[in-house]
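> The following block contains the structure, expressed as structure tokens.
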Amino acid sequence: MTALDTLDRTIIGLLATEGRMPIRELAARISLSPSATSDRVRRLEADGVITGYAAQIDPTIAGTPVQAIVEVQLDPAAGIFEIDDAIAAMPEVIDAFHLTGRFDYQIRIATPGIDGIEKVIRYLKEELGVRETSTRVILRTVEQLPRQPGTITVS
């Protein structure tokens, strides 16, 4: 894999927010020919920099308007890989992170209502043997976020 230059980073940033942008529009936005732009996008895909494209779904229309962050502290006897598989299999989980610090995981869930959050927490504790949870309901998401890590410009 070659190092990413400024044009590659610009392409990544544009596709991270507008993944269905036609090559012609992308080319115009970066002031490059469509064929050269297409070649760059194909190279970024082949090198594994761009790993896929996804639709952004409105959670209210999808029926899961209530979201929460749940921090999870495992029992010391719990197996990390088994917990990973169990969390990944839960349809309410949007993303999950294995962390350092007091809590072992932070998961973000989306449910139809508050009772869905309670159901997830009960499952974590009763079925997965989670020792402790700390839950915060998400009131709103900050505009233009989340963003993909590769789109962040570091000075």
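> Of the conditions (1) in a loop (DSSP other than H, G, I, E, B); (2) over 30 Å from residue 14 (Cα atoms), residue 146 fails just one. Which one is it?
Among (1) in a loop (DSSP other than H, G, I, E, B); (2) over 30 Å from residue 14 (Cα atoms), residue 146 violates only (2).
> Also: May I ask you to say which residue of 75, 104, 85 is touching a Gly at 6+ places or on another chain (Cβ under 8 Å), of a type in the set (D, E, K, R) and more than 24 Å from residue 16 (Cβ to Cβ)?
75
> From (1) free of Cβ contacts under 8 Å to residues at least 60 places away in the same chain; (2) more than 19 Å from the chain's Cα centre (by Cα), pick out the condition that doesn't hold for residue 106.
Of the numbered conditions (1) free of Cβ contacts under 8 Å to residues at least 60 places away in the same chain; (2) more than 19 Å from the chain's Cα centre (by Cα), the odd one out for residue 106 is (2).
> Looking at 64, 100, which one is in contact with an Asp or Glu (Cβ under 8 Å, 6 or more places away or on another chain) and within 26 Å of residue 142 (Cβ to Cβ)?
64
> State whether one or more residues within region 63-82 are open to solvent by 60 Å² or more (accessible area, probe 1.4 Å), at pLDDT below 95 and assigned to a helix (DSSP H, G or I).
The answer is yes; a qualifying residue exists.
> Here's another thing I want to ask about it. Of these, 141, 135, which one is polar (S, T, N, Q) and loosely packed, with under 12 Cβ neighbours inside 10 Å?
141
> Listed residues 116, 52, 101; which is open to solvent by less than 60 Å² (accessible area, probe 1.4 Å), assigned to a loop (DSSP other than H, G, I, E, B) and not polar (S, T, N, Q)?
52
> Next question, about the same structure. Does region 7-25 contain any residue that is among the acidic types (Asp, Glu), without any contact (Cβ under 8 Å) to a residue 60 or more places away in the chain, open to solvent by 30 Å² or more (accessible area, probe 1.4 Å) and in a loop (DSSP other than H, G, I, E, B)?
yes
> While we're looking at this one, here's another question. Please identify the pairs in which a residue from region 61-79 that is acidic (Asp, Glu) has its Cβ atom under 7 Å from the Cβ atom of a residue that is open to solvent by 30 Å² or more (accessible area, probe 1.4 Å) and not in a strand (DSSP E or B), counting only partners at least 6 apart or on another chain.
75/129
> Name the residues in region 119-143 that are touching a residue at least 40 places away in the same chain (Cβ under 8 Å) and not in a loop (DSSP other than H, G, I, E, B), would you?
Hits for region 119-143 are 120, 121, 124, 130, 131, 132, 133, 134, 135, 136, 137.
The values are calculated or read from the model by the stated rules, or taken from the named source; none is laboratory data. Note that the structure is predicted; figures quoted are calculated from it, not measured. No Cβ is skipped: glycine too gets one built from the backbone with ideal geometry, and neighbour counts run over all protein chains shown. Please note that ligands, DNA and RNA were not included when accessible areas were found on the heavy atoms of the full protein model with its side chains. Shrake-Rupley method; radii C 1.70, N 1.55, O 1.52, S 1.80 Å.
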